[in-house]
Amino acid sequence: MVVSPTQLTPSQHGFVKGRSIWDNIHQIQNVIQSPFLESTGLLAFLDMEKANDQAPTRCIAFADDCVVGFGTQEDKTAFREILSKYEEASNAKLNGAKSFSVAIGYNSFPLPYSPLFAIKPLDKPFRHLGVHFTSREVATPYSEDNLIRGITNRMAPWANRTASLAGKCVLINVFLLSKLWYLLHIIPFSDKFFNQLENIIQGWLWAPSRKHSAKISVLYGPKSKGGLGLINPRMQSRRILAKWIKQVVIPNSQEHWAMAARTIFATQLSLRNIEDNLALSRWLSRARRTGPRDLHPYWKGVLKAFRLLKWKVVFPWPSGPVSASAGPPVLVGEDKVPCSQYSLPKRPKHKVQLPELSIKILPRVQLVHDKKVYKYTWSSLVIPRIQSNTWRVMRRKYRIGLRQGETSPFLSCASCGEPVDSH
């Protein structure tokens, strides 16, 4: 791919060094969710039939997954002329069969002018750069169902494969939830989705047993703290979405998509002076706001993620004390320490989870309460399966006689007759 050395227009997003693919995705989201009449029209999602990356003019003009907006009949006429000249210069051709149009701001058909490409139904999801949209919003329910179905199908071939408990956690983090980490940049997933996801993960982790030997929260956190390194999807979703929240709430970014999203968010909240860049920051700094009752579900999800992060927007004085009337605004995390204008609050540190076995081995409790007990458990000198089995013994996550009540008799070993079967 050839990158243009200079920007063609101030609002250009594609093929510029330093820009992210999410700049383009957020720009499309803003146009689709915009409540303003100026956004009414058609979005044409273009697909090229022939790729010729060695022609610099092709990359300067447009490439696959390019989006063009039409507001009037004159726009359509101008695009036809530009497209014909582009195809002659670059030896590329537009694939009309794969290109399509989406109506923005219309509630019914027909449109005032005919589209160049086949138009999608108003509520039918379509995919752009890996994210599903409709003509009105991000297709959150469709994305949740599609993701759950994809995770279930991908996990099916792994059912008969043997892997240690820690190895399964690595597979979940790296492969199974890779699409989820991508979509979390823009979609505030629901609690119902995370409940379904956790049930699927738990069922595979403890298979072939139908019962879960431990709550999934026990597996979260680093191995040095007593967990198994499994990433908490709920917490991770808030942290990834926070990158978007920070650029919208704190008006330090001059990106066009961030300024547009800030205006749309303030309009959804019915704020008075939506042209003020600090209006949204002031609204969030006053109290724990939930927004109006008729607030769009997407923005409700964003506000919920902000609350669950336990962040606050403050206006610190230059000397240091925090106030709600100074400027410019910054974010404050759980540690009550204001961040710089270009950083996010730090993640809360994981606490060491004491081994449950410690209360059952008196008088040698000091051996299990050693701070390095988990370091010994995950020693590189031990094979992975023994490491996982040792962790399960330390955390008492085996469903054996020792897991019964305090007054229940222990089960004896079937091999040698020892009174405790976990010896």
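At a glance:
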item	result
Karplus 3J(HN,Hα) series, Hz, for region 151-158 with 6.51 cos²θ - 1.76 cosθ + 1.60 (x for Gly, Pro)	5, 5, 5, 6, 7, 4, x, 8
Per-residue ³J(HN,Hα) for region 330-337, Karplus 6.51 cos²θ - 1.76 cosθ + 1.60, θ = phi - 60°, Hz, x for Gly and Pro	9, 9, 10, x, 5, 7, 6, 9
Within straight-line cross-link reach of K397, lysines at Cα separation under 25 Å, skipping those fewer than 8 residues along the same chain	K168, K211, K215, K223, K225, K349, K351, K360, K371, K372, K375
Diffusion coefficient, µm² s⁻¹, Stokes-Einstein with Kirkwood Rh over alpha-carbon pairs of region 125-261 at 4 °C and 1.567 mPa s	78 µm²/s
Net charge, N30 excluded, C-beta distance under 14 Å - Lys, Arg +1, Asp, Glu -1	-2
Cα gyration tensor shape of region 72-155, rounded if a/c is under 1.5, else prolate or oblate by comparing a/b with b/c	oblate
Under 14 Å, Cβ to Cβ, from D75 - net charge with Lys/Arg +1 and Asp/Glu -1	-1
Listed residue pairs exceeding 19 Å between alpha carbons, taken from K246/K312; K192/K304; K243/K300; K300/K336	K300/K336
Per residue accessible area in Å² of region 157-287, where ligands, DNA and RNA are left out and the probe is 1.4 Å	45 Å²
Potential extension, R286-T40 segment - 0.36 nm per residue separation minus Cα distance	85.1 nm
Total formal charge among the other residues, if their Cβ is under 13 angstrom from that of P115, Lys/Arg +1 and Asp/Glu -1	+2
Backbone HN-Hα couplings from phi across region 121-136 [Karplus 6.51/-1.76/1.60, Hz, Gly and Pro as x]	x, 4, 10, 7, x, 9, 10, 9, 6, x, 10, 8, 10, 10, 6, 10
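The values are calculated or read from the model by the stated rules, or taken from the named source; none is laboratory data. Being a predicted model, the structure only gives us computed values, none of them experimental. Cβ atoms come from the backbone with ideal geometry, glycine included; neighbour counts cover every protein chain shown. Remember, those area values only see protein heavy atoms, side chains included, never the ligands or the DNA or RNA. Shrake-Rupley method; radii C 1.70, N 1.55, O 1.52, S 1.80 Å.
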